[in-house]
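S.K.: Handing you a structure now.
The values are calculated or read from the model by the stated rules, or taken from the named source; none is laboratory data. Since we're looking at a predicted model, the values are computed, not measured. Virtual Cβ from ideal backbone geometry, glycine too; neighbours counted across all protein chains shown.
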Amino acid sequence: MALSADLLLALFPFQFPAHYTSYIAGKTPLSTTAPVVASLISYLVVIFGIQAYMSIRKPQKLTILFQAHNLILSSGSLLLLLLALEEIIPMYQKNGLFKTLCSEEAWTPRLEFYYMINYYFKYIELIDTVFLALKKKPLHFLHVFHHSATVFLCYTQLNGRNSMSWLIVILNLSVHVIMYYYYYATAGGARFWWKKYLTTMQIAQFVIDLCAGYFGIYSHFAYTYYSGTLPTMGDCAATESAAIFGCALLTSYLGLFINFYNHTYKAPASKLANGKADGHTHKDD
């Protein structure tokens, strides 16, 4: 029983409509392709519009707003991580790793609700780029692509009911707790020696995600189409399109982040100064 979740729900004196606590395509906000795509197009128009507007203006500091934004995301990620773990750990203790990763029962109503919250967090995280544009920081392809594509990734996995979504989500939340705290603290003047390890954590996150994801794809295809021919522990629950798209996108993330790490932290010493690579700072998850 997820006691913490029950205590939080008890704070609300009313019951939410079902489509706000369960993912119902067509009823839950941002649960169909058209509004998701429209939101992402709007994001691109806004950030590049701000960039053009700021081209002849002085950069904005926005320290208090920037710190508040990052503190909210760090704290929110921590709370959601703890709530998800409260659901996942008993499931793992009862069923073991394979069933917790692959069984249809791993997609619980409570975890579905947490996945929805995590999905909506991704829209809030798009504000990261607004701050970059207002501060006249470069809008690197990695940052813009990763932020926008992750919104669509979460959308596809909710529709595809990927049973191992919890693994991707808790790893991502774990990174975000630390990453957004880092940006909150450094905006106030703090400096940390472990900055580059944020990128290392992100790369490790994608490696683990992909090991699980490709295992799930193999298990599904071996069980469904090659039963008796290929060894398999059983099926992994998800639509084929969601699983394949998820792994393809995460593979692109891994390549992009490794390239960023090599460019930023393995560049010649003359190009590195005060945490910058080629004179540019970079913020990404």
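S.K.: Specify which of the listed residues (K61, K99) is free of Cβ contacts under 8 Å to residues at least 12 places away in the same chain and of a type in the set (K, R).
M.R.: Result of the check over K61, K99: K99.
S.K.: Looking at region 85-99 only, could you name the residues that are crowded, with 17+ Cβ neighbours inside 10 Å and closer than 20 Å to C236 by Cα?
M.R.: Listed by number, the residues that qualify are E87, I88, M91, K99.
S.K.: Would you point out which residue out of K122, K136 is at pLDDT 95 or above and at positive phi?
M.R.: K136
S.K.: Which residues, counting only those in region 38-58, are within 15 Å of Y155 (Cα to Cα) and touching a residue at least 24 places away in the same chain (Cβ under 8 Å)?
M.R.: Those that are within 15 Å of Y155 (Cα to Cα) and touching a residue at least 24 places away in the same chain (Cβ under 8 Å): S39, L40.
S.K.: Taking the criterion of being more than 30 Å from V45 (Cα to Cα), among the hydrophobic types (A, V, I, L, M, F, W, C) and outside any helix (DSSP H, G or I), would at least one residue in region 104-117 satisfy it?
M.R.: yes
S.K.: Here is a follow-up. Quick check on my filter: what residues within region 195-215 are surrounded by 14 or more Cβ atoms within 10 Å (Cβ to Cβ), among the polar types (S, T, N, Q) and in contact (Cβ under 8 Å) with a residue 60 or more places away in the chain?
M.R.: Those that are surrounded by 14 or more Cβ atoms within 10 Å (Cβ to Cβ), among the polar types (S, T, N, Q) and in contact (Cβ under 8 Å) with a residue 60 or more places away in the chain: T199, Q202.
S.K.: Could you tell me how many of the residues in region 183-208 are closer than 17 Å to H147 by Cβ and in contact with a Leu (Cβ under 7 Å, 6 or more places away or on another chain)?
M.R.: 2
S.K.: Oh, and also: Could you look through region 10-26, keep only residues that are surrounded by 10 or more Cβ atoms within 10 Å (Cβ to Cβ) and under 18 Å from G160 (Cβ atoms), and pick out the one that is modelled with the lowest pLDDT?
M.R.: Across region 10-26, the extreme among qualifying residues is S22.
S.K.: Please tell me if I127 is within 19 Å of the chain's Cα centre (by Cα), under 24 Å from Y43 (Cβ atoms) and among the aliphatic types (A, V, I, L, M).
M.R.: yes
S.K.: Identify, from the list A68, A133, the residue that is exposed (fewer than 15 other Cβ atoms within 10 Å of the Cβ), among the aliphatic types (A, V, I, L, M) and farther than 30 Å from Y223 by Cβ.
M.R.: Result of the check over A68, A133: A68.
S.K.: Still on this structure, please answer the following. Report, ordered by the first and then the second residue, all pairs with beta carbons closer than 7 Å, sequence separation of six or more or different chains, a first member in region 124-152 that is over 20 Å from S252 (Cα atoms), and a second member that is basic (K, R).
M.R.: These pairs meet every condition: D128/K283; L132/K283.
S.K.: Going through region 216-237 one residue at a time, which ones are surrounded by 12 or more Cβ atoms within 10 Å (Cβ to Cβ) and either in contact (Cβ under 8 Å) with a residue 40 or more places away in the chain or assigned to a loop (DSSP other than H, G, I, E, B) (or both)?
M.R.: Within region 216-237, G216, S219, Y226, T232, M233, G234, D235, C236, A237 qualify.
S.K.: From T156, T150, grab the single residue that is buried (at least 18 other Cβ atoms within 10 Å of the Cβ) and either over 22 Å from L78 (Cα atoms) or not polar (S, T, N, Q) (or both).
M.R.: It is T156.
S.K.: Something else now. Please verify whether L167 is among the hydrophobic types (A, V, I, L, M, F, W, C), crowded, with 20+ Cβ neighbours inside 10 Å and modelled with pLDDT of 95 or more, treating the condition exactly as stated.
M.R.: Judged against the criteria, L167 is a match.
S.K.: Can you say whether D209 is at pLDDT 95 or above, more than 26 Å from L71 (Cβ to Cβ) and not in a helix (DSSP H, G or I), as far as the supplied structure shows?
M.R.: For D209, the condition - at pLDDT 95 or above, more than 26 Å from L71 (Cβ to Cβ) and not in a helix (DSSP H, G or I) - is not met.
S.K.: Identify, please: which residue in region 48-65 is touching a Lys or Arg at 6+ places or on another chain (Cβ under 9 Å) and surrounded by 11 or more Cβ atoms within 10 Å (Cβ to Cβ) and is, among those, modelled with the lowest pLDDT?
M.R.: For region 48-65, the residue satisfying everything is K61.
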